[in-house]
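The values are calculated or read from the model by the stated rules, or taken from the named source; none is laboratory data. Just so it is clear, the structure is predicted and the values come from calculations on it, not from any experiment. With ideal geometry, Cβ positions are generated from the backbone for all residues, glycine too; neighbour counts draw on all protein chains shown. Only protein heavy atoms, including side chains, enter the accessible area calculation; ligands, DNA and RNA are left aside. Shrake-Rupley method; radii C 1.70, N 1.55, O 1.52, S 1.80 Å.
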Amino acid sequence: MAEEVVLGFLKDHDGINDSGEFAATLGVDHNELVNVIKSLHGFRIVDAQDIKKEKWVLTDEGKSYTVAGSPEMQLFQAIPPEGISREELQVLLFFCLLCFSSISKCILCTDMPSSTILSLQLELVYISGLLKRVDPSVYKIGCSQAMKNKWVEMGKLLVSRKVQHVGDRVKDVLLKISDGKEVGAEDIDSLKKRKLIALQTWKGYSLRKGPNYVVKRMKALTDLTREQLQRGDWKDLEFKDYNFNARGQPTEGGHLHPLLKVRAQFREIFLEMGFEEMPTNNYVESSFWNFDALFQPQQHPARDSHDTFFLQVPSTTKSLPEDYVDRVKQIHESGGYGSKGYEYEWKREEANKNLLRTHTTAVSSRILYLLAQKPFTPKRYFSIDRVFRNEAVDRTHLAEFHQIEGIICDRGLTLGDLIGVLNEFFSRLGMSKLRFKPAYNPYTEPSMEIFSYHEGFKKWVEVGNSGMFRPEMLLPMGLPEDVRAIAWGLSLERPTMILYGIDNIRDLFGHKVDLGLIKTNPICRLGIQ
């Protein structure tokens with residue numbers, strides 16, 4: 001309706017000078033009219049010019065004074081002709097505030113004799129409890145303004161009137177402003193300082209016909225329907241122009257995480273070297289495959305709850321290969337195959353406990369056991385997947401991370417073969433300078449830590465761990481005695497952090513990762529030779 005009235009009015013008139021006055025004439029809300037004007041202006045049906053008007057409006061404090069009067073007037077009217085003490089005046093003024101009435105209308109304050117005022121003092125104790133809930137600003141402001149106007153005299157003992165009759169100019173001016181009447185600049189300045197009024201800006205429009213003016217706007221349609229064709233009214237319809245140069249909504253494709261990019265590069269290196277990927281889909285393992293099958297003693301610190309996440313439900317595994325379990329028990333308790341074992345009482349209940357795997361070597365133990373059940377064939381295996389350890393989280397450690405592991409199982413392998421394979425593997429990563437340091441692992445002997453010279457840091461940094469699986473681990477599985485297995489492992493996060501210049505692992509993996517990093521990270525290049 002508002003749009004039809006505006007366009008119809010402009011048909012016979014040059015324009016609309018003030019949208020506010022026009023809205024008042026129509027009896028419609030001005031905000032509704034503004035929305036119509038903006039829409040018409042957008043299609044150049046009308047040309048709209050901004051109009052700004054400023055006016056003074058009363059604050060909440062100013063509105064209260066139009067009812068009860070200004071604080072100075074309330075204070076003046078509360079003072080009897082003979083004067084009153086400050087304490088009695090404050091009590092009396094609070095009585096008036098509690099009555100929610102102006103001084104001039106309050107029955108307690110109209111022609112009140114001195115005896116009545118004195119009797120009110122008897123209620124002081126009761127009133128004092130109420131005073132805490134009443135704003136004392138009226139008394140303070142009233143005293144200040146009344147003294148400024150020279151209406152009262154604040155003596156040491158009594159507060160008395162200096163004049164007999166005064167007018168409440170503040171209330172009168174506030175009422176004028178409320179009614180929209182003109183007020184002098186001096187009064188405006190005074191009320192503004194007292195924060196009784198505030199400047200309000202009103203925005204409207206003046207209108208003229210635009211280049212696309214029509215008496216009645218027809219909505220441009222985007223589709224032609226069968227019904228319109230059958231009725232024939234399509235001839236009178238207006239259709240929206242097609243913008244053939246407009247580009248469609250950009251399509252959002254997926255983005256690879258830096259860890260996935262580096263993982264893909266490692267996987268490609270393993271496959272090029274003839275390795276076969278192991279299935280690593282079981283995050284939950286039994287302690288048997290995670291520890292016992294690897295010849296790791298049951299009293300080892302890594303098997304404590306502060307280092308490993310044990311499951312409550314299900315807390316134990318359902319089945320294990322019993323003949324293999326007996327051989328593992330035997331090698332732990334009394335040794336065999338040239339080993340004296342650990343010489344302790346091996347407990348089945350410890351082996352049955354379920355946990356989140358602490359390394360992918362648990363997968364390796366399963367794969368090697370399955371390999372031993374068939375006629376032996378040399379194999380090369382690798383895995384890249386997530387492991388879990390109960391560690392304190394800091395900038396270089398998380399409770400879950402990814403482990404890269406490689407295994408070669410063949411006859412007659414030696415430590416020299418391991419060193420040769422490591423040089424080949426790490427050279428494909430761009431690490432040609434390697435050093436090895438003796439280390440200890442429960443399931444490998446000998447064991448070596450792997451160091452590479454970092455050209456950026458100008459120092460040797462540890463890049464992985466390696467070793468040859470112990471006979472105590474391999475022979476109970478049923479592998480031939482001349483079969484050896486060499487293995488090495490490293491984390492996926494550390495090389496990724498170095499490649500992408502990330503110094504806090506929590507910025508790479510976990511809930512704090514910036515999605516912008518996922519969308520804008522560069523292509524992974526490991527320096528393959």
Self-check item: Value of [θ]222 nm, deg cm²/dmol, for the chain, DSSP H segments ≥ 4, -39500 (n - 2.57) each, nearest 500
Solution: -10500 deg cm²/dmol
Exercise. Any chance you could check the Cα centroid distance between the range 463-477 and the range 486-508 for me, in angstrom?
Key: 24
Exercise. Could you sort out which of Lys148/Lys195; Lys261/Lys433; Lys261/Lys519; Lys11/Lys216; Lys148/Lys193; Lys140/Lys171 sit more than 20 Å apart by Cα distance in this structure?
Key: Lys261/Lys433
Exercise. Relative to the longest principal axis of the C-alpha atoms of the chain, give the angle of the C-alpha long axis of helix 86-98, reported between 0 and 90° and rounded to the nearest 10°.
Key: 80
Quiz item: Kirkwood hydrodynamic radius of the range 10-50 from all distinct Cα pairs, in Å?
Solution: 10.7
Practice problem: Could you grab the relative contact order for the range 294-441? Cα pairs under 8 Å, six or more apart, rounded to a whole percent. | Solution: 20
Quiz item: For the range 453-529, what is the accessible area per residue in Å² when the probe is 1.4 Å?
Solution: 52
Exercise. Report the label-to-label distance for Ala246 and Glu333 in nanometres (one decimal), using points 7 Å from each Cα along the Cα→Cβ vector.
Key: 8.1
Quiz item: Given (1) 41, 30, 22; (2) 88, 44, 22; (3) 49, 28, 22, which label gives semi-axes √(5λ) of the Cα gyration tensor in Å as computed from the coordinates?
Solution: (2)
Quiz item: Can you pull the three principal axis extents for the Cα set of the range 408-529, in Å, largest first?
Solution: 54, 32, 24
Quiz prompt | Ser491 long-range amide H proximity, modeled H, under 5 Å | solution = Ile404
Exercise. Can you tell me the relative contact order of the chain? Whole percent, Cα pairs under 8 Å, sequence separation 6 or more.
Key: 14
Quiz prompt | the range 124-260 - accessible surface per residue (Å², probe 1.4 Å) | solution = 78
Quiz item: Round to a whole number: what % of the accessible area of the range 1-77 belongs to carbon and sulfur, probe 1.4 Å?
Solution: 49
Quiz item: Carbon and sulfur together cover what percent of the accessible area of the range 272-381 at a 1.4 Å probe radius?
Solution: 50
Quiz prompt | Charge dipole (debye, nearest 20) of the chain; +1 at Cβ of Lys and Arg, -1 at Cβ of Asp and Glu | solution = 1100
Quiz prompt | Calculated P(r) of the range 227-345 - Cα pairs past 16 Å, % | solution = 80
Quiz item: At what distance in nm do the modelled label points of Glu268 and Ala198 sit from each other, each positioned 7 Å from its Cα along Cα→Cβ?
Solution: 6.4
Quiz prompt | Sequence-distant residues sharing a close amide H with Thr59 (under 5 Å, placed H) | solution = Ile197, Ala198
Quiz item: Dividing the convex hull volume of the alpha carbon atoms of the range 308-354 by its residue count, what do you get in Å³ per residue?
Solution: 80
Practice problem: Could you name the lysines whose alpha carbon sits less than 24 Å from that of Lys374, not counting residues in the same chain fewer than 8 places away? | Solution: Lys329
